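The block underneath contains the structure these notes are about, expressed in structure tokens.
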Amino acid sequence: MKKLLAILVVANFGSAQAYLGTWNDPLKSFDATVNKRERITLTWKVEENVVEACHKHSKAMGFTQRLGPLTACSFWEGNTCTIITSRNPTMHEIGHEVRHCYQGNWH
């Protein structure tokens with residue numbers, strides 16, 4: 001089964017205005033009818049070092065490319081999805097990664 005990887009690459013912009021007009025706008029609605037899965041098994045891992053945990057998980061799944069700066073990531077295979085975040089993620093980070101779990105690599 002083909003393994004897929006999604007990563008959240010978010011710089012700390014300091015204000016919601018910096019996001020406006022981009023795919024990463026936390027207030028922008030999106031089409032939920034394009035979900036690739038209706039039902040998932042979701043695992044949420046909290047890590048002290050998100051970057052290293054995402055790199056480690058990525059490598060374990062057979063990916064060789066080093067991931068860029070990120071604050072969270074998600075990995076899925078079939079209907080199983082794993083999200084990795086810090087101890088204090090934002091609602092935007094969680095929502096972003098859950099969307100990847102349902103819709104795949106949409107950005």
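The values are calculated or read from the model by the stated rules, or taken from the named source; none is laboratory data. Small disclaimer: the values here were computed from a predicted structure and weren't measured. Note: ideal-geometry Cβ built from the backbone for every residue, glycine included; neighbour counts use all protein chains shown.
Being among the β-branched types (Val, Ile, Thr) and at pLDDT 75 or above is the filter; apply it to the range 1-40 and report the residue that is surrounded by the most Cβ atoms within 10 Å (Cβ to Cβ).
Looking only at the range 1-40, we keep the residues that are among the β-branched types (Val, Ile, Thr), and these are 7, 9-10, 22, 33-34, 40.
Next cut, at pLDDT 75 or above only: 33-34, 40.
Details: Thr33: 5, Val34: 10, Ile40: 16.
Only one residue tops the list, namely Ile40.
When the residues of the range 41-57 are filtered to those that are of a type in the set (Asp, Glu) and surrounded by fewer than 13 Cβ atoms within 10 Å (Cβ to Cβ), which remaining residue is farthest from Cys73 (Cα to Cα)?
Checked the range 41-57; the qualifying residue farthest from Cys73 (Cα to Cα) is Glu48.
Which one is nearest to the chain's Cα centre (by Cα) among residues in the range 66-107 that are among the charged types (D, E, K, R) and under 16 Å from Arg37 (Cα atoms)?
Within the range 66-107, the match that is nearest to the chain's Cα centre (by Cα) is Glu97.
Pick from the range 62-107 the residues that are assigned to a loop (DSSP other than H, G, I, E, B) and of a type in the set (Gly, Ala, Ser): which of them is modelled with the highest pLDDT?
The selected residue is Ser86.
Looking at the range 58-78, which of its residues are surrounded by fewer than 14 Cβ atoms within 10 Å (Cβ to Cβ) and under 12 Å from Thr43 (Cβ atoms)?
Glu77
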